[in-house]
Amino acid sequence: MSKKVLVVGGGAAGMMAAISAAERGATVTLLEPNERLGKKLNITGKGRCNVTNDSGVEELLANVPHNGKFLYSAFSRFDGRDAMAFFEELGVPLKVERGKRVFPVSDRAFDISGALERRLKKLNVSMLRRRAVGLSTENGAVRGAETEQGTLSVDAVILATGGVSYPATGSTGDGHRLAAEAGHTVTPLRGSLVPLQEEGGVCAELQGLSLRNVGLAVFENDRKIEADFGELLFTHFGVSGPLVLSASAHMRHFEKKAYRLEIDLKPALDEGQLDRRLLADFEKYANSDFCNALDDLLPQKLIPVMVERCGIPPHQKVHDVTREQRQGLLRLLKHFSIAIAASCPAEDAIVTSGGVKVSEINPHTMESRILKGLYFAGELIDVDAYTGGFNLQIAWATGRAAGFAAAETKE
Ligand SMILES: Cc1cc2nc3c(=O)[nH]c(=O)nc-3n(C[C@H](O)[C@H](O)[C@H](O)COP(=O)(O)OP(=O)(O)OC[C@H]3O[C@@H](n4cnc5c(N)ncnc54)[C@H](O)[C@@H]3O)c2cc1C
């Protein structure tokens, strides 16, 4: 007789888990309180959905800074290329962009969620618009789930309720509570891929300013731990933008370590080239006040801050600027430092770091080591990755592993 499998959560991981269990012959029910499946999936990649990364196991693991080892088995059986083949078989043509990021050719995340939904229907997965509020258990095994409209009795339950980020999409942390009630440890929840709050007020002064093509280095207790190029944005509380979100994933110990960012405002020029550029500008503006000599070099909004920071009196004539002062300005242009106080709350993060403790989950099957018949998939688990399609890849691979294993559970 086929197993009855209940999947809680109709996001990326839950849809994949339901499809996988149904493909293995299980009778599957998928619970999702939102009107539509994949509400978060539909806003991924700014609505384009960076669905995976065109990578094999080792490369995927290198992009999971936290508990990557736990994913070895799931990734070995379903890596980025398997995910690509899976979606192309569902009729979604894909393309590979910078950093091996994979997107649908249409640039429409809806094409990914739509394809998954069609597959669910084809496999006769029954979809209920309900919220799970509890698990029913008997003799150390899960027997079903309670919903606001009654109890559903099943042989296996897959929890795929996501993290606590962007709660308006439905991921409000229910699954963590259900897992904890089942006896699981939930490690502290924090944001990763998240805007950063500054210490001091320099960013507030610059709020609204967006810088493209800048370098960004992350310092942990004054040791450089990461460097990258791209775009960042100053906000009233600190910094955001793609470069900052990626950098934040490296800043994991705010409780015991000090973090600082250094922006290289002129990454295309080495120090010698930048010095020659400064000399040329200073020649052009030789008779101007120093505060009026940076117009060709920097965005307007940044000039007063740079003038103040570099310590050259604003009304000093440019022809009087000494070599030492110029060198100080040059250092500032290459190493504009911002002290970071904290990351923004998990709700504002792209992904949640922390979740159901991995040592309490079998990495081959995603089954709970505490409660028989209970499985986990996706962001609910204490794993998180860098940007590049790796977080969705975690959802696909763990969903696939949990779905297959739940369908095969022996009584
Ligand atoms: C703005 C944004 C952009 C992103 N872009 C990318 C990207 O381009 N590439 C990438 O790899 N990752 C991206 N991510 C991360 C990625 O979206 C998540 O890691 C992924 O969606 C996690 O999938 P999940 O199925 O585990 O959780 P979710 O997608 O959050 O799904 C969980 C589902 O469970 C449901 N649920 C919750 N509680 C219950 C309950 N009690 N009963 C029933 N159902 C319940 C929720 O309604 C929700 O639909 C992005 C995230 C955000 C916020």
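Answer with yes or no whether residue 31 is closer than 24 Å to residue 369 by Cα, without any contact (Cβ under 8 Å) to a residue 24 or more places away in the chain and of a type outside the set (Lys, Arg). Taking the combined requirement at face value, the residue does not satisfy it.
List the number of the failed condition for residue 151; all other conditions in (1) in contact (Cβ under 8 Å) with a residue 40 or more places away in the chain; (2) more than 11 Å from the ligand (Cβ to nearest atom); (3) part of a strand (DSSP E or B) hold. Tallying (1) in contact (Cβ under 8 Å) with a residue 40 or more places away in the chain; (2) more than 11 Å from the ligand (Cβ to nearest atom); (3) part of a strand (DSSP E or B), residue 151 fails exactly one: (1). Within the stretch 381-401, the set of residues being buried (at least 24 other Cβ atoms within 10 Å of the Cβ), at negative phi and either more than 11 Å from the ligand (Cβ to nearest atom) or not aliphatic (A, V, I, L, M) (or both) comprises 382, 384, 390, 391, 393, 396, 397, 398, 399, 400, 401. Counting only residues that are in a loop (DSSP other than H, G, I, E, B), within 9 Å of the ligand (Cβ to nearest atom) and under 22 Å from residue 108 (Cβ atoms), the stretch 1-35 holds 4 of them. Within the stretch 361-377, residues that are in contact (Cβ under 8 Å) with a residue 12 or more places away in the chain have Cβ atoms under 9 Å from residues that are basic (Lys, Arg) and within 16 Å of the ligand (Cβ to nearest atom) in these pairs: 377/400, counting only partners at least 6 apart in sequence or on another chain. Count of the stretch 225-266 residues, restricted to those that are touching a residue at least 12 places away in the same chain (Cβ under 8 Å) and either in a strand (DSSP E or B) or of a type in the set (Asp, Glu) (or both), is 19. So is residue 196 over 30 Å from residue 20 (Cα atoms), away from the ligand (no atom under 11 Å from the Cβ), among the aliphatic types (A, V, I, L, M) and touching a Cys at 6+ places or on another chain (Cβ under 8 Å) or not? Yes, satisfied. Of all residues in the stretch 154-176, those that are without any contact (Cβ under 8 Å) to a residue 60 or more places away in the chain, in a loop (DSSP other than H, G, I, E, B) and open to solvent by 40 Å² or more (accessible area, probe 1.4 Å) total 1.
Restricted to helices (runs of 4 or more DSSP H) entirely inside the stretch 303-411, those with at least 2 residues that are over 30 Å from residue 273 (Cα atoms) are 390-408.
For residue 213, state whether it is outside the structural domain of residue 99 (by TED's automatic domain parsing), more than 16 Å from the ligand (Cβ to nearest atom), more than 21 Å from residue 342 (Cα to Cα) and not β-branched (Val, Ile, Thr).
So residue 213 passes the test.
Quick one: would you say residue 326 is more than 26 Å from residue 226 (Cβ to Cβ) and open to solvent by 10 Å² or more (accessible area, probe 1.4 Å)? Considered against the rule, which asks whether it is more than 26 Å from residue 226 (Cβ to Cβ) and open to solvent by 10 Å² or more (accessible area, probe 1.4 Å), residue 326 comes out as yes. Of the residues making up the stretch 106-142, those that are free of Cβ contacts under 8 Å to residues at least 12 places away in the same chain and more than 30 Å from residue 94 (Cβ to Cβ) are 138, 139.
The values are calculated or read from the model by the stated rules, or taken from the named source; none is laboratory data. Quantities reported herein were computed from a predicted structural model and do not represent experimental measurements. Because the Cβ atoms are built from the backbone with ideal geometry, glycine has one as well, and the counts that use them run over all protein chains shown. In case anyone asks, the SASA skips ligands and DNA or RNA and just uses the protein heavy atoms, side chains included. Shrake-Rupley method; radii C 1.70, N 1.55, O 1.52, S 1.80 Å.
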